[in-house]
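Q: One structure, pasted below without further comment.
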Amino acid sequence: MHMADALLAPAVAGAMYVASGTAAGVSLHRLKKEDEPQKLPLMAVSAALVFAGQMINYTIPGTGSSGHMCGGMLLSALLGPEAGFLSMIVILAIQCLFFADGGLMALGANIWNMAFYGCFVGYYLIWRPIIRGKWFGDGKGALRGRIIAASILGCVLTLQLGAFSVVLETSLSGITELPFGGFVALMQPIHLAIGLVEGLITSAVLCFVFETRPELIKDVKEADASLTARTSLGTTLAVLAAVTLLVGGGLSLLASSNPDGLEWALFGNEEEGYGANMGLDEEEFGVASDVADKAGSIQEKTSFLPDYAFPGSEDPAGTSVSGIVGAAIVAGAAVVICLIGGFFRKKKTKTA
Amino acid sequence: MNKMEKALAELGTMDELSARKSSIHSLHAGAKLLVTVAYIVIVMSFHKYDLSGLIPMLLWPVLLFQISGIPVRTCFYKLRIVLPLVMAVGLFNPFFDREIILRVGSLSVSGGVISMLTLMLKGVLCLMASFLLVATTPFDRICAALRAVHFPKTLVTLLLLTYRYVGVLTRELAVMTEAYHLRAPGQKGIHISAWGSFLGQLLLRSMDRAQEIYAAMLLRGYDREFRYAAERRFAMKDVAYTLIGVSLFLLLRFVNVSGLLGSLFVR
């Protein structure tokens, strides 16, 4: 889900940097208040572990494929949302700089799509309410059930939000011609499957930690399990399966309520609009595309020599042909630079 | 070689490249950071049909590759991750945008094809720029430059520490995976019965390790601020590099050099 620089317009990239930067500022402020300097190495080691852990292949039983774990949920369950968010930022920055996974300018957007939802939404709206809640009753087994439920729900939902944001950011940037609806119908179901598997793996890791060192997991103490009565794991899993099916089914219905999203988006049905399908206010979407239009018109005005860029100029063929010739000359210049560079290097190695 | 060993090798390559010596390597990290950001922003701001205007931007990374002696092959190896996503999004352009905007003889090219090519070129250019930054600047120099522009110290320290431990923990996991596969031959990944314990074991050990790291940091006088060896001042050549870079990008952004060059030969 890492976005490349080429997919974003500078305005969108800038806006996402501001949004992610604000969240990072708030997190830093809260961490400062906590005043636990010993947390820093803990965050660094956990971040490094998640970074490496995402490369492990887990075999999914019954299928030939493999899955990976979900970093945001794991980190916020272990470190808390603020520290988890900062650790995710660092992971994404290292992935971007050293592995070209996502662009430098797109980092703000990537932080938002992958870290913000996973840590803040995942923790405050899903993890904490579920762990502190009364699902599955009291006892250790119930608590384990809640950890599994929270991990799976958290991963599925935050991944859906992230995937939707990717579509929204790309569409607002006006880079792709792929219609909004079609793109959504493409992205959401794929990430539903990924989220389910990620959630299962994350819950397995968290359950292991819970069995051995429960004090390491956030909110478990507050949940105040009497740790005596044990609900059977069978009931837990049954309830969980039902919930997952319900959520999963509902979401995929939402994503593809029209069987052919691409076609539908192409020949757009004004009456049904995006609102009915995407859960988006039609007017809101109108505003969004308005902004895109405006941004486009500003760009149109500021772009120098518009006849290179736009159809319908007086002599598009002439100018474009000169563009091609010019580009060829530029390419020639690049080759010459390379030759000169190679020449000097050879000379250097000879003298050395 | 498994995925983790590959990642380690990639990290090692970047470390090795950034430790080389060249006139680009010797520039101030802050200047390189600034120019890289300016380059990427300007590349991103090109219009989606402005392919001919974008092409001259290619000259800058080509020049840097040559001066710094960084092999281009290493950079393009990394493209395997970026290009698929960019392609996936760009590939639809030719189908939805069929308006013909360019005719060369009897060959007509639609707007979608142009915008797809522009998108791909942008992807490659942005990647080259950030690759060149990291390949010519040691990571602690970049962090020092970030700190110099008042980037929050918690985040910078976290970056430095994580960067150190990414190598350590990836190596540890690579060994674990190797050991697991030797005991479970013919199995593709980690079996479901070991999903939790495989990473969980390492997680617990790492948490304990973090405490030891903190103790060690305190023993060496850590007082919530990392001290860097005296960073070189911004010299004349750094200023020159920044000014030349940024003004060149602006020039290329507003003047279509390909078009001008071409119009010398084609009327």
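The values are calculated or read from the model by the stated rules, or taken from the named source; none is laboratory data. It should be emphasised that the depicted structure is a prediction, and the values quoted were computed from it without experimental measurement. Reconstructed Cβ throughout: ideal geometry from the backbone, glycine too, with neighbour counts over all protein chains shown.
Q: Are there any pairs, at least 6 apart or on different chains, whose C-beta atoms fall under 7 Å, with the first in segment A:139-167 and surrounded by fewer than 21 Cβ atoms within 10 Å (Cβ to Cβ) and part of a helix (DSSP H, G or I) and the second among the hydroxyl-bearing types (Ser, Thr, Tyr) and at pLDDT 90 or above, and if so, which?
A: So the pair list comes out as A:Leu161/A:Tyr117.
Listed here are the residues, each with its yes/no results for (1) surrounded by fewer than 20 Cβ atoms within 10 Å (Cβ to Cβ); (2) within 29 Å of the chain's Cα centre (by Cα).
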position	(1), (2)
B:Pro152	yes, yes
B:Tyr163	no, yes
B:Asp208	yes, no
B:Glu212	yes, no
B:Arg220	yes, no
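Q: Scan (1) in a loop (DSSP other than H, G, I, E, B); (2) facing chain A (nearest Cβ under 8 Å) for the single condition B:Arg98 breaks and write down its number.
A: Here B:Arg98 meets the rest and fails (2).
Q: Just a yes or no: is a residue in segment B:131-141 at the interface with chain A (Cβ under 7 Å from one of its Cβ atoms), buried (at least 18 other Cβ atoms within 10 Å of the Cβ) and either at pLDDT below 90 or under 25 Å from A:Asn57 (Cα atoms) (or both)?
A: no
Q: Would you call A:Gly154 more than 14 Å from A:Ser76 (Cβ to Cβ) and not aliphatic (A, V, I, L, M)?
A: Judged against the criteria, A:Gly154 is not a match.
Q: Filter segment B:45-57 down to residues that are assigned to a helix (DSSP H, G or I) and either under 15 Å from the mean Cα position of the chain (by Cα) or not aliphatic (A, V, I, L, M) (or both), then give me how many there are.
A: Total satisfying the criteria: 4.
Q: Let me ask something additional. Pick from B:Val239, B:Val175, B:Val257: which is free of Cβ contacts under 8 Å to residues at least 24 places away in the same chain and among the hydrophobic types (A, V, I, L, M, F, W, C)?
A: Answer to the check: B:Val175.
Q: Out of B:Leu58, B:Leu27, I need the residue that is touching a residue at least 40 places away in the same chain (Cβ under 8 Å) and more than 10 Å from chain A (Cβ to nearest Cβ). Which one?
A: Just a single option satisfies the conditions, and that option is B:Leu27.
Q: Every residue in segment B:61-71 that is more than 9 Å from chain A (Cβ to nearest Cβ) and surrounded by fewer than 17 Cβ atoms within 10 Å (Cβ to Cβ), please.
A: The answer is B:Pro71, and nothing else.
Q: Only residues that are under 18 Å from A:Ile329 (Cβ atoms) and more than 7 Å from chain A (Cβ to nearest Cβ): list them for segment B:40-55, please.
A: Scanning segment B:40-55 gives B:Leu51, B:Leu54.
Q: Within segment A:30-40, does at least one residue satisfy the condition of being of a type in the set (A, V, I, L, M, F, W, C) and farther than 28 Å from B:Met217 by Cβ? Don't jump to the end; show me each part of the working.
A: Just the residues of segment A:30-40 that are of a type in the set (A, V, I, L, M, F, W, C), to begin with: A:31, A:40.
Next cut, farther than 28 Å from B:Met217 by Cβ only: none.
Checked segment A:30-40: no residue is of a type in the set (A, V, I, L, M, F, W, C) and farther than 28 Å from B:Met217 by Cβ.
Q: Is it true that some residue in segment B:107-114 is outside any helix (DSSP H, G or I), of a type in the set (Ser, Thr, Tyr) and in contact with a His (Cβ under 9 Å, 6 or more places away or on another chain)?
A: No, there is no match, as no residue in segment B:107-114 is outside any helix (DSSP H, G or I), of a type in the set (Ser, Thr, Tyr) and in contact with a His (Cβ under 9 Å, 6 or more places away or on another chain).
Q: Is it true that some residue in segment A:113-133 is modelled with pLDDT under 85 and assigned to a loop (DSSP other than H, G, I, E, B)?
A: Within segment A:113-133, one or more residues are modelled with pLDDT under 85 and assigned to a loop (DSSP other than H, G, I, E, B).
Q: Of all residues in segment B:175-200, how many are under 29 Å from A:Leu40 (Cα atoms) and either modelled with pLDDT under 85 or more than 8 Å from chain A (Cβ to nearest Cβ) (or both)?
A: Adding up the residues that qualify gives 4.
Q: One residue is enough: does segment A:171-178 have a residue meeting the conditions touching a Ser or Thr at 6+ places or on another chain (Cβ under 8 Å), outside any helix (DSSP H, G or I) and hydroxyl-bearing (Ser, Thr, Tyr)?
A: yes
Q: Provide a single number: the residues in segment A:208-219 that are surrounded by 21 or more Cβ atoms within 10 Å (Cβ to Cβ) and touching a Phe, Trp or Tyr at 6+ places or on another chain (Cβ under 9 Å).
A: 0
Q: State whether the residues of segment B:104-114 include one that is in contact with an Asp or Glu (Cβ under 9 Å, 6 or more places away or on another chain) and surrounded by fewer than 16 Cβ atoms within 10 Å (Cβ to Cβ).
A: So in segment B:104-114, the residues in contact with an Asp or Glu (Cβ under 9 Å, 6 or more places away or on another chain) come out as B:110-114.
Adding the requirement that they be surrounded by fewer than 16 Cβ atoms within 10 Å (Cβ to Cβ) leaves none.
No: segment B:104-114 contains no residue that is in contact with an Asp or Glu (Cβ under 9 Å, 6 or more places away or on another chain) and surrounded by fewer than 16 Cβ atoms within 10 Å (Cβ to Cβ).
Q: A further question follows. Restricting to segment A:1-54, what's the tally of residues that are in a loop (DSSP other than H, G, I, E, B) and either within 15 Å of the chain's Cα centre (by Cα) or not assigned by TED's automatic domain parsing to the domain that holds A:Leu216 (or both)? Explain how you work it out, then say what you get.
A: Taking segment A:1-54 first, the residues in a loop (DSSP other than H, G, I, E, B) are A:1-4, A:8-9, A:35-38, A:54.
Pick out the ones that are also either within 15 Å of the chain's Cα centre (by Cα) or not assigned by TED's automatic domain parsing to the domain that holds A:Leu216 (or both) and you get A:1-4, A:8, A:54.
Result for segment A:1-54: 6.
Q: Take the conditions facing chain B (nearest Cβ under 9 Å) and not small (Gly, Ala, Ser) and apply them to A:Val209. Does it pass?
A: yes
Q: Collect the residues in segment B:80-95 that are in a loop (DSSP other than H, G, I, E, B) and buried (at least 19 other Cβ atoms within 10 Å of the Cβ), keeping them in residue-number order.
A: B:Phe92
Q: Another question, if that's okay. Is it the case that B:Val72 is in contact with a Phe, Trp or Tyr (Cβ under 6 Å, 6 or more places away or on another chain), β-branched (Val, Ile, Thr), outside the structural domain of B:Glu225 (by TED's automatic domain parsing) and without any contact (Cβ under 8 Å) to a residue 60 or more places away in the chain?
A: yes
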